[in-house]
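First comes the structure, then the notes that go with it.
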2 protein chains.
Amino acid sequence: MAKVKKAKKHQPVILITNDDGVSAPGIRALVDSVKHLGKVVVVAPDKPQSGMGHAITIGYPLRLHPVHIFEGIEAWECSGTPVDCVKLAVDKVLHRKPDICLSGINHGANHSINVIYSGTMSAALEASIESIPSIGFSLLDHSLEADFTGAKKYAPILVEQILQKKIDKHLCLNVNVPKIQVELLKGLKVCRQAYAKYEEKFDERKDPSGRDYYWLTGEFVNFDKGKDTDVWALEHNYISVVPIEFDFTNYQLKEKLQQSLTS
Amino acid sequence: MAKVKKAKKHQPVILITNDDGVSAPGIRALVDSVKHLGKVVVVAPDKPQSGMGHAITIGYPLRLHPVHIFEGIEAWECSGTPVDCVKLAVDKVLHRKPDICLSGINHGANHSINVIYSGTMSAALEASIESIPSIGFSLLDHSLEADFTGAKKYAPILVEQILQKKIDKHLCLNVNVPKIQVELLKGLKVCRQAYAKYEEKFDERKDPSGRDYYWLTGEFVNFDKGKDTDVWALEHNYISVVPIEFDFTNYQLKEKLQQSLTS
């Protein structure tokens, strides 16, 4: 009995958030797949926050309300961005740092350049700034009816390894799962971020008053032919795992610049 | 006469944006300081967008209106984020890539970890993704009455060098100017991003209905003792220049992870 109590006391605290909102099927899939690994607490946006990047709310106050939508799991919805959710969770919900922060499962790809626009990945990156190891999960399927079977199979495997191995307190993983049947998945592959970007083409329209307005649209173009990238891995049925960092210094250009600006 | 025409034809196109909004004194200071170096076009948010990070607008359409607030300068206000401004400027205003994109001058510091939350720096980073060299300028003074003299002195020096030397098409510089008199400035210093972060402490209040709400507050803490960081440079009266990049891959952890996940 004492042993059980001790084990319970030391079970890891797993903070879960996302950017699709607390009611999205993806976050439910993530909660279901890892809840046996520790004490799960959910703090997620009360509405979709896709494309919010690393935005924080500074001009408005934030709200936090308990929600009872996950059986046996403490969950809160927050009026802010995914990054706000992580900050608020640590200070006002958990009153401590969780052992790991998970974000997702995102409905849609966050590989390559998407990482920079993604609220899902920004929440994970925020956790890593706070010395909380983190993983963001995304499925290459935007549909609300997406099949999360593959992601649900591999998420707990990865979470368990990261919890056990304690690789780095700033570890932040960008994990993307291809949209294929679970039997076809070849497993996890550690990659680098591909150099790919969107070729924007705004859709120009006129409103009923005759005034112009613009919808952001764009075509994803991969310029990177490397076989060590996340795009390559996903195209070849692997789950891509890219460790990402919050030190944005371009060290290569730093050297070049030092010479150039002084010459 | 032909010579003048030729020179005019080849004058660089300089796109200017910010995150404090098109009417902020900082963007006016930037326009004034570099308008002799090329054809300046301003596309900036129609309202403050501080802390918006790399957010893009995907759930709503965008508006773009001409504004006549800079004498002799084409300027537009956009309803979106700083990153939206860059994308829209290229596709719908300039119909080409500018030779350089400048962002700022921000009212407030964007050194160290601030780079990740900053709309000013995200606009610059977006430009660099698009192969447009870019510089984000920030002054360590939040005040609307801030003295931009030092920033106005060094901005054109740096812009001219970057335009001439064509160091890299993806060059993106995070430039911060200390809040001191211009005579005390020691010049430009190429640095790396300091490891510093905010220790959050949400201010908890009750609204007139008795419901809780939270204001984000926090104390900036520098954990980095290096003398090659932007924080160090600014504390020692230098203008910090940090080249930043959009490849977020953590290459060091990539190696470690590869060994760890396969063992």
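The values are calculated or read from the model by the stated rules, or taken from the named source; none is laboratory data. Since this is a predicted model, take the numbers as computed values, not measurements. We place every Cβ from the backbone using ideal geometry, glycine too, and count neighbours over all the protein chains shown.
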*Complete set of residues in segment B:205-263 that are touching a Cys at 6+ places or on another chain (Cβ under 8 Å), touching a residue at least 24 places away in the same chain (Cβ under 8 Å) and within 30 Å of residue A:78 (Cβ to Cβ)*: B:244, B:246
_Matching residues, segment B:212-243, being touching a strand residue (DSSP E or B) at 6+ places or on another chain (Cβ under 9 Å) and more than 16 Å from residue B:196 (Cα to Cα)_ = B:212, B:213, B:214, B:215, B:216, B:236, B:238, B:239, B:241, B:243
*Residues that are within 10 Å of another protein chain (Cβ to nearest Cβ), out of contact with any helix residue (DSSP H, G or I) (no Cβ under 8 Å at 6 or more places or on another chain) and of a type outside the set (Ser, Thr, Tyr), drawn from segment B:224-261*: B:228, B:230, B:247, B:250, B:252, B:253, B:254, B:255, B:256, B:257, B:258, B:259
*Given A:80, A:59, A:53, which one is facing another protein chain (nearest Cβ under 9 Å), under 21 Å from the mean Cα position of the chain (by Cα) and modelled with pLDDT under 95?*
A:53
_Qualifying residue in segment B:89-100 (condition: closer than 24 Å to residue A:215 by Cβ and touching a Ser or Thr at 6+ places or on another chain (Cβ under 8 Å))_ = yes
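On the basis of being under 30 Å from residue B:168 (Cα atoms) and at pLDDT 95 or above, does residue A:205 make the cut?
Here the answer is no, as residue A:205 does not meet what is asked.
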*Give me a count of the residues in segment A:177-204 that are of a type in the set (Asp, Glu), more than 8 Å from chain B (Cβ to nearest Cβ) and in contact (Cβ under 8 Å) with a residue 12 or more places away in the chain.*
2
*Taking interchain pairs and intrachain pairs at least six residues apart, which have beta carbon atoms under 7 angstrom, with the first residue in segment B:48-62 and of a type in the set (Ser, Thr, Tyr) and the second assigned to a loop (DSSP other than H, G, I, E, B)?*
B:50/A:58; B:50/B:19; B:50/B:20; B:57/A:216; B:57/B:80; B:57/B:81
*For segment B:150-176, enumerate the residues that are more than 14 Å from chain A (Cβ to nearest Cβ) and either charged (D, E, K, R) or surrounded by fewer than 16 Cβ atoms within 10 Å (Cβ to Cβ) (or both).*
B:152, B:153
*Restricted to segment B:205-223, and to residues that are among the aromatic types (Phe, Trp, Tyr) and within 9 Å of another protein chain (Cβ to nearest Cβ), which residue is farthest from the chain's Cα centre (by Cα)?*
B:213
*Could you grab me the full set of residues in segment A:190-243 that are charged (D, E, K, R), surrounded by 12 or more Cβ atoms within 10 Å (Cβ to Cβ) and under 22 Å from residue B:245 (Cβ atoms)?*
A:192, A:197, A:200, A:224, A:228, A:230
_Within segment B:116-154, considering residues that are among the aliphatic types (A, V, I, L, M) and part of a loop (DSSP other than H, G, I, E, B), the one modelled with the lowest pLDDT_ = B:144
_With crowded, with 24+ Cβ neighbours inside 10 Å, within 14 Å of chain B (Cβ to nearest Cβ) and out of contact with any strand residue (DSSP E or B) (no Cβ under 7 Å at 6 or more places or on another chain) as the only criterion, which of A:119, A:136 stands out?_
A:119
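Sort out for me the helices (runs of 4 or more DSSP H) sitting completely within segment A:1-108 that have 3 or more residues that are crowded, with 22+ Cβ neighbours inside 10 Å.
Helices (runs of 4 or more DSSP H) meeting the threshold: A:25-34, A:82-88.
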*Name the strands (runs of 3 or more DSSP E) wholly within segment A:155-263 that hold at least 2 residues that are under 21 Å from residue A:103 (Cα atoms)?*
A:172-177, A:188-190, A:239-243
*Output the number of residues of segment B:34-44 satisfying the condition of being touching a Cys at 6+ places or on another chain (Cβ under 7 Å) and more than 13 Å from chain A (Cβ to nearest Cβ).*
1
